[in-house]
Amino acid sequence: IPLPVSGAFHSPLMAEAADQLAQALAKATLGAARVPVVANVSADGEVSVERIADGLVRQLCAPVQWTRSVRYMADRGVSTYVEVGPGQVLSGLIKRIEREAQVLAVNDPETVRTVAQALRA
């Protein structure tokens, strides 16, 4: 689904930023994920540091596999999603793919508390 965006994200125009991110990640100390990180470039869960870092770099220039990513998670029993940041575009897209999904949004300190309470319940 084409979305109106404020930048050339997920396109070849982000190649310079991808190079810079790769350099920064090479210097960072990262540990293996405790739960799989779903890379939107592959729509697959990753736990190794190398594969997660590679996915982060590649996603800057590659199309987002959003529908496949949400279905991957849903097929593995994920029923609650948390959108972090301004707006709720992704929440709406998730509900179109998985109508029964619970989608929570975090966009300020108050909603952090509200969502944390909902997740504990």
* May I ask you to rank Val49, Val112 by accessible area, largest first, using a 1.4 Å probe over the protein chains only? => Val112, Val49
* To do: Just grab the label-to-label distance for Thr111 and Ser6, each label 7 Å out from Cα along the Cβ direction, in nm (one decimal).
  => 1.5
* Structure fact -> Taking the chain and counting helices only, DSSP H stretches of n ≥ 4 at -39,500 (n - 2.57) each over all residues, the nearest-500 ellipticity at 222 nm comes to -14000 deg cm²/dmol
* Asked: Once amide H atoms are built 1.01 Å from N in the peptide plane, which residues 5 or more positions from Ala105, or in another chain, come under 5 Å H to H?
  -> Glu83
* Using a simple charge model, +1 on the beta-carbon of Lys and Arg, -1 on the beta-carbon of Asp and Glu, nothing else, what dipole does region 77-121 show about its Cα centre, in debye to the nearest 20? -> 100
* Structure fact -> So, relative contact order of the chain in percent, Cα under 8 Å, 6 or more apart, is 20
* To do: Return the whole-Å distance between the Cα centroid of region 86-107 and the Cα centroid of region 1-46.
  => 21
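Carbon and sulfur together cover what percent of the accessible area of the chain at a 1.4 Å probe radius?
On the chain, the fraction of accessible area on carbon and sulfur atoms equals 57 percent.
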* Asked: Taking region 1-81, which trypsin sites (Lys or Arg not before Pro) meet the DSSP loop condition and have no more than 11 other C-beta atoms within 10 Å?
  -> Arg34, Arg76
* Solvent-accessible surface (1.4 angstrom probe) belonging to Thr114, in square angstrom, nearest 10 -> 70
* Give me the net charge of Ser79's neighbourhood, meaning all other residues with Cβ under 11 Å from the Cβ of Ser79; Lys, Arg count +1, Asp, Glu -1. => -1
* Structure fact -> For the chain, whose charge dipole is built from +1 on Lys and Arg Cβ atoms and -1 on Asp and Glu Cβ atoms, the candidate among Gln20, Gly85, Thr67 with its Cα farthest towards the positive end is Thr67
* Asked: Taking θ as phi - 60°, what are the ³J(HN,Hα) couplings along region 5-10 by the Karplus curve (6.51, -1.76, 1.60), each to the nearest whole Hz, with x for Gly and Pro?
  -> 10, 9, x, 8, 4, 6
* Asked: Loop-only check: which trypsin sites (Lys or Arg not before Pro) in region 86-116 are DSSP coil with at most 13 other Cβ within 10 angstrom?
  -> Arg99
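The values are calculated or read from the model by the stated rules, or taken from the named source; none is laboratory data. Nothing here was measured: the structure is a model prediction, and the numbers come from that model. All Cβ positions, glycine included, derive from the backbone under ideal geometry; neighbour counts span all protein chains shown. The area values use the complete protein model at the heavy-atom level, side chains included, leaving out ligands, DNA and RNA. Shrake-Rupley method; radii C 1.70, N 1.55, O 1.52, S 1.80 Å.
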